[in-house]
Amino acid sequence: MPIKIYGDPGSGSLRRVTSAAAIMGVALERVNIDLFRGESQTPDFLALNPHGLSPVMVDGDFVLYESSAINLYLAEKAGGELLGASTRERYEVLQWMFWSGEQWRIFATLTFDERIGKRLMGQPEDESIVRLAFAKIRAGAAVLDAHLADRRFVVGDRVTLADLDIAAPFSQSHRTKIPLGEFPNLVAWQQRLLETVPAWAQTKREVDARIDGALEAAGIQL
Ligand SMILES: N[C@@H](CCC(=O)N[C@@H](CS)C(=O)NCC(=O)O)C(=O)O
């Protein structure tokens, strides 16, 4: 039975999972959840994830949410080096994944909710939230930029789950205008990911088509 993954193609969190699965050659059966139509709030979906957030993975009778946990599950199942090539690298990958979840991605999500989500609902953005998020993003980006000054990838010499978790906020950055362009090593690393990891470039096209389509349908120009 194929592993099912529920999510919206515009979601950066789903992108982390679909990219990792494609890199590892894990086949996924996609189940589309239209977040703009509230499909993550239906009783059926809430039975899978009571937080009403996607993606959710279903493998037989095993249900798992949180993209990073799903990616760890798939990486352990598939083998390969997305979790790092050695024990030490594995802990470095985990360090960056936890950092991304707690200190980084959340501020990109806040910015998306304020700048895009609220606009789609006809509400004004709260500038104080955007200011706070930008300050946090700049602080994290400065450290990342220094880390990437002499590295091609976040850990080791090839793409790992750490890169996917940390790069995901770039999915919306040209729409939300988070200040990542101030950090040249970050920009170069993102470009390197797009050029050397075909799955990452493919999922970017998917996210862009979905979000740009939704904005166009709502008559919103950013
Ligand atoms: N930490 C969660 C974040 C999941 C998340 O924020 N998902 C968003 C899409 S990227 C969502 O489902 N939003 C629906 C909502 O807020 O109602 C993960 O990594 O899976």
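The values are calculated or read from the model by the stated rules, or taken from the named source; none is laboratory data. From a predicted model like this one, the values you see are computed outputs, not experimental measurements. All Cβ positions, even for glycine, are placed from backbone atoms using ideal geometry, and neighbour counts span all protein chains on display. The area values use the complete protein model at the heavy-atom level, side chains included, leaving out ligands, DNA and RNA. Shrake-Rupley method; radii C 1.70, N 1.55, O 1.52, S 1.80 Å.
Scanning the range 33-53 for residues that are open to solvent by 20 Å² or more (accessible area, probe 1.4 Å) and under 16 Å from residue 14 (Cβ atoms) gives 34, 35, 36, 37, 39, 48, 51, 53.
Taken over the range 8-28, the criterion of being assigned to a loop (DSSP other than H, G, I, E, B) and open to solvent by less than 40 Å² (accessible area, probe 1.4 Å) is satisfied by 8, 9, 10, 11, 26. Yes or no: residue 5 touching a residue at least 24 places away in the same chain (Cβ under 8 Å), touching a Leu at 6+ places or on another chain (Cβ under 6 Å) and not in a helix (DSSP H, G or I)? Yes.
Looking only at residues in the range 45-90 that are within 13 Å of the ligand (Cβ to nearest atom) and among the aromatic types (Phe, Trp, Tyr), the one that is farthest from residue 2 (Cα to Cα) is 45. A single entry from 163, 145, 150, 212 fulfils the requirement of being among the acidic types (Asp, Glu) and crowded, with 22+ Cβ neighbours inside 10 Å: 163.
Has the range 56-64 got at least one residue that is in contact with a helix residue (DSSP H, G or I) (Cβ under 6 Å, 6 or more places away or on another chain), free of Cβ contacts under 8 Å to residues at least 24 places away in the same chain and either open to solvent by 30 Å² or more (accessible area, probe 1.4 Å) or small (Gly, Ala, Ser) (or both)?
yes
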